[in-house]
Amino acid sequence: MRLRALLIVLLVATLLPLSGCIRFWREMNEMSAALSALDAMFGGGDGIYGAGEDYPAYYVSWHDAQEFIVALSRHLDATNQDGVSVRLPSEAEWEYACRAGTTTIFYWGDSWDENDKYTWYKNGLFQTYPVGGKLPNAYGLYDMIGNVYEWCQDWHAAYPDEPQTDPTGPETGVCRILRGGGLWSDGRPTSTHRWHLLPDRRTVLAGFRVAASIGATCGEEEGEAFTPPDELTLMLPGDVALALVRIPGGTFMMGRDMEERKADEQESTAKLKTHESSRYEVTISSGKDNGQETVVLYENESPPHEVTISNDFYMGMYEVTQQQWLAVMGAWPDKEPKCRNKEGEHE
């Protein structure tokens, strides 16, 4: 662990000037303290976050997700499910799939009032819920907002100004991107909501879903061009299924003008100011909490920029579940998911 910390220090020092290093470590310390406080608040590190076959896998880092991808790839090759290349989605693919052709703040519209139909987000207890329990977006993807944040392949960086085609983020970095908003986040998660963490960080807030591509082949028997199916089911060890949905390629506007962020919040007044870093601070005064101001930090979702996804790809219909994780990996990398009783059901 000390060696890993030293390597991170050296990398940050190489990539950033002194002022950037200081700012980075301040933000990392604040983030780590916040995550530790949540663990302490909800169970002293042994919290009750949801456990069961259909609950999302969490306490998995970006590196853990990569190990899952490698193990899944080997299984697919060994079981003649060839032609399918699995991976984490790029951040651009994730947002494109989340939006599902919409240009609204959320994939169901511009009103947060409808969120309870689509999301598990601050729904009473601080816990995850079984995947697929809410309505999907127009592409048939469930829980794209809420339940757990989802790791993406990309390193964290500010958005470019110019149009992009199949962007995959910078070649190097310090933190990896997460998208979707988890069971808890500052403010309300939108289709453009971003977060970043060190790639070895495990938290109850973070899980992932699988993306995939399939080769354009010809039918061996009939010699006709292969037509990709709208849905694809991968069979994991123990006959556990992992369902994916085909996402058609296309062009969309990625990101959002941060000045519009104020409209997302229920509070009547909000002041937005730019940070030196890639985040924005929203200071909200609404008469709540005895008139005290609440400061919320958002990732910078601007500038909006045109992105083209050249080819169709597949996206997991659901976040990777605990059953799917154990089917592929056999054990948890660190903490096991926790539940309210031995049967794995919430009371």
* To do: Any chance you could count how many residues in segment 101-117 are buried (at least 19 other Cβ atoms within 10 Å of the Cβ) and within 11 Å of Ser191 (Cβ to Cβ)?
  => 4
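Here is a list: Glu267, Glu306. Which entry is in contact with a strand residue (DSSP E or B) (Cβ under 8 Å, 6 or more places away or on another chain), modelled with pLDDT of 50 or more and either within 30 Å of Ala71 (Cβ to Cβ) or of a type outside the set (Lys, Arg) (or both)?
Glu306
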* To do: Taking only segment 307-316 into account, find how many residues are part of a loop (DSSP other than H, G, I, E, B) and in contact with a Pro (Cβ under 8 Å, 6 or more places away or on another chain).
  => 1
* Enumeration of residues in segment 285-303 that are closer than 30 Å to Pro163 by Cβ and at pLDDT below 85 -> Leu297, Tyr298, Glu299, Asn300
* Asked: Assuming Phe252 fulfils every condition listed in (1) at pLDDT below 85; (2) more than 28 Å from Pro130 (Cα to Cα); (3) part of a strand (DSSP E or B) apart from one, which condition is it?
  -> (1)
* Asked: Across segment 72-99, what is the total count of residues that are of a type in the set (S, T, N, Q) and closer than 17 Å to Glu231 by Cα?
  -> 2
* Do we have any residue at all in segment 147-154 that's crowded, with 20+ Cβ neighbours inside 10 Å and more than 24 Å from Pro337 (Cα to Cα)? -> yes
* Asked: Just checking, which of Asp77, Asp82, Asp113, Asp143 is within 19 Å of Gln322 (Cα to Cα) and among the acidic types (Asp, Glu)?
  -> Asp143
* Structure fact -> Reported set for segment 165-185 where residues are of a type in the set (S, T, N, Q) and loosely packed, with under 15 Cβ neighbours inside 10 Å is Thr165, Thr168, Thr172
* For segment 118-128, does any single residue satisfy the condition of being at pLDDT below 95, of a type in the set (A, V, I, L, M, F, W, C) and under 23 Å from Leu242 (Cβ atoms)? -> yes
* Within segment 81-95, count every residue that is in contact (Cβ under 8 Å) with a residue 24 or more places away in the chain and more than 13 Å from the chain's Cα centre (by Cα). => 6
* Name the one entry in Ala65, Ala71, Ala97, Ala92 that is of a type in the set (A, V, I, L, M), part of a helix (DSSP H, G or I), under 21 Å from Val204 (Cβ atoms) and at pLDDT 95 or above. => Ala65
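The values are calculated or read from the model by the stated rules, or taken from the named source; none is laboratory data. No experiment lies behind these values; they were computed from the predicted model shown. We place every Cβ from the backbone using ideal geometry, glycine too, and count neighbours over all the protein chains shown.
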